[in-house]
Amino acid sequence: MKKGLFITFEGSDGCGKTTQLEKTASFLKENGFEVVTTREPGALDIGKKIREILLHHKGTVADRCEMFLFLADRAQHVETFIKPALGEGKIVLCDRHTDSTIAYQGYGRERDIKLLKDLNEIAVNGLKPDLTLLFDVSTEIAQKRVGNEKDRMESLGTNFFKKVRNGYLELQKENPNRIKLINANNSIENVFSEVKNIIIELIKNK
Ligand SMILES: Nc1ncnc2c1ncn2[C@@H]1O[C@H](COP(=O)(O)OP(=O)(O)O)[C@@H](O)[C@H]1O
Ligand SMILES: [Mg+2]
């Protein structure tokens, strides 16, 4: 059923995911590939409502509620958008996916990582990224890039983001073939040149 390529962009807030995803989409389109870009949480109708709660709800959001909302959004997104696009042979570029749950809710919120991996499996129903680009940046630089206008998740503080960064690095060590580590402290152009090389290699070997 799956024919396209599924590429996810991961890393802490401010690492440059959205910037690099847009550059990647333009590069692939210029070279004649059919590309769609998307994001988690909140790419589609139900998802947009979930995103509003996750990022902007003013009252308490219990940790377990947060976890299920991210997973519910993912299940809907995979089923109604990602799988159909891959079935049509498209390259799907997705801003955050399963690794964000492990890094943020698992390592950041210190919830049961094995359980989260199982719940992720239920949400994606067999789908796995062909490639994940992990943009690693120092927590200090990331915080500076995010600036002062922070959403609910971005406001979690330096200690939380150090745990998230460490979580991502652990995931990369566990999945060295799927997750490619990119030094995102460098300039936008230097980071993109690394991204381009990895993507060209992936397409060549498809
Ligand atoms: N390599 C980089 N060097 C300097 N600034 C960057 C770099 N990558 C992104 N930025 C800037 O940092 C901010 C956050 O980037 P963004 O792509 O939105 O990160 P993310 O989507 O990972 O949160 C933006 O203002 C962007 O222009
Ligand atoms: Mg972004």
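Values quoted throughout were computed directly from the atomic coordinates according to the rules given, and no laboratory measurement underlies them. Predicted model only: the values in this text are computed from it and were never measured. Here the Cβ positions follow ideal geometry from the backbone for every residue, glycine too, while neighbour counts run over all protein chains shown.
Structure notes:
- Those residues of region 6-15 which are near ligand 1 (Cβ under 8 Å from one of its atoms) and surrounded by fewer than 24 Cβ atoms within 10 Å (Cβ to Cβ), in sequence order: Asp13, Gly14
- The listed residue being surrounded by 14 or more Cβ atoms within 10 Å (Cβ to Cβ) and either out of contact with any Ser or Thr (no Cβ under 7 Å at 6 or more places or on another chain) or farther than 14 Å from His97 by Cα (or both), out of Phe81, Phe27: Phe27
- Within region 24-42, the set of residues being away from ligand 2 (no atom under 13 Å from the Cβ) and touching a helix residue (DSSP H, G or I) at 6+ places or on another chain (Cβ under 7 Å) comprises Thr24, Phe27, Val35, Val36.
- Going through (1) surrounded by fewer than 21 Cβ atoms within 10 Å (Cβ to Cβ); (2) within 18 Å of Lys206 (Cβ to Cβ); (3) touching a His at 6+ places or on another chain (Cβ under 9 Å) one by one, Val36 falls short only on (3).
- When region 154-180 is limited to residues that are farther than 23 Å from Arg109 by Cβ and surrounded by 11 or more Cβ atoms within 10 Å (Cβ to Cβ), the one that is nearest to ligand 2 (Cβ to nearest atom) turns out to be Lys180.
- Checking each residue in region 124-138 for being more than 23 Å from Val78 (Cα to Cα) and more than 17 Å from the chain's Cα centre (by Cα) picks out only Ser138.
- For first residues located in region 12-41 and within 12 Å of Arg145 (Cα to Cα), partners that are among the basic types (Lys, Arg) and within 13 Å of ligand 2 (Cβ to nearest atom) and lie 6+ apart or on another chain with Cβ distances below 6 Å form the pairs Gly14/Arg145.
- Hits in region 79-92 (condition: in contact (Cβ under 8 Å) with a residue 40 or more places away in the chain and under 21 Å from Ile46 (Cβ atoms)): Glu79, Phe81, Ile82, Lys83, Ala85, Leu86, Gly87, Val92
- Every pair of residues 6+ apart whose Cβ atoms lie under 8 Å, when the first sits in region 155-177 and is in a loop (DSSP other than H, G, I, E, B) while the second is crowded, with 16+ Cβ neighbours inside 10 Å and among the aromatic types (Phe, Trp, Tyr): none
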